[in-house]
């Protein structure tokens, strides 16, 4: 699995948290392993187009990995019923504030135009803030498979969604139980 991961989370910030497949196994794939992969991921998420060029690819990657770790930590805590760690919340808030300070506002309804690496970091940080400020955070879950642990929003009426994706983790678990 070297291509892009499936976007199953229902939120841009959670999709960046889910950018590691087969976590903790020999098959682990980091879909944000380098700047080229990160830009392909951002293009697949419609954050940038194929002509986008970032001034400092190493800084983009560093910030993206830092933000991903914060979202994973905060999301994992919430999904398991624990309090969100302050350190992760501070990282998310600081990255959102930093990107907002450099954004170019236009029109009403307000549209924020981000520049350079903020075109990727800004929307992800803001998606995390929006999720954490809304009632959707109460429906945040984490796939129970040890080799996955992807985060997702359970949008089922009765809150019964268990797997990140029934077509992958759900089916693998069913097959494992049948054996």
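Ordering 19, 80 by the number of other Cβ atoms within 10 Å of each residue's own Cβ, fewest first, gives 80, 19. Just so you know, the averaged projected area of the alpha carbon convex hull for region 25-70 sits at 3.8 nm². log₁₀ I(q)/I(0) of region 86-140 at q = 0.14, 0.24, 0.25 Å⁻¹, via Debye over equal Cα point scatterers, no solvent, to two decimals? Taken in order of the listed q values, log10 I(q)/I(0) reads -0.40, -0.94, -0.98. Neighbour counts of C-beta atoms inside 10 Å place 152, 114, 52 in the sequence 52, 114, 152, starting with the fewest.
Computed from Cα positions, the angle between helix 86-102 and the longest principal axis of the chain comes to roughly 40 degrees. One Cα centroid belongs to region 123-158, the other to region 47-71; the line between them spans 21 Å. Can you tell me how much longer the chain between residue 133 and residue 112 gets when fully stretched, taken as 0.36 nm per residue apart minus their C-alpha distance, in nm with one decimal? Full-extension gain reported as 5.7 nm.
Helix 118-133 and the longest principal axis of the C-alpha atoms of the chain enclose an angle of approximately 60°.
Structural descriptor for region 12-178: relative contact order 24 percent, calculated from alpha carbon pairs under 8 angstrom and at least 6 residues apart. Taking region 102-125 and a reference point 7 angstrom along Cα→Cβ of residue 46, the backbone N atoms nearer than 18 Å belong to 109-114, 119-125.
On the beta carbon distance between residue 101 and residue 28, with R0 = 35 Å, the FRET formula returns roughly 0.50. The alpha carbons of region 1-90 stretch over 41, 30, 24 Å along the principal axes, in descending order. Contact order for region 108-168, expressed relative to its length and based on alpha carbon pairs under 8 Å spaced 6+ residues apart, stands at 21 percent.
Quick note: the coordinates plus some simple rules give every number you see, no bench work behind them. Predicted model, so just to flag it, every value in this text is computed and none were measured. In this analysis, Cβ positions are derived from the backbone assuming ideal geometry, glycine residues included, and neighbour counts consider all displayed protein chains.
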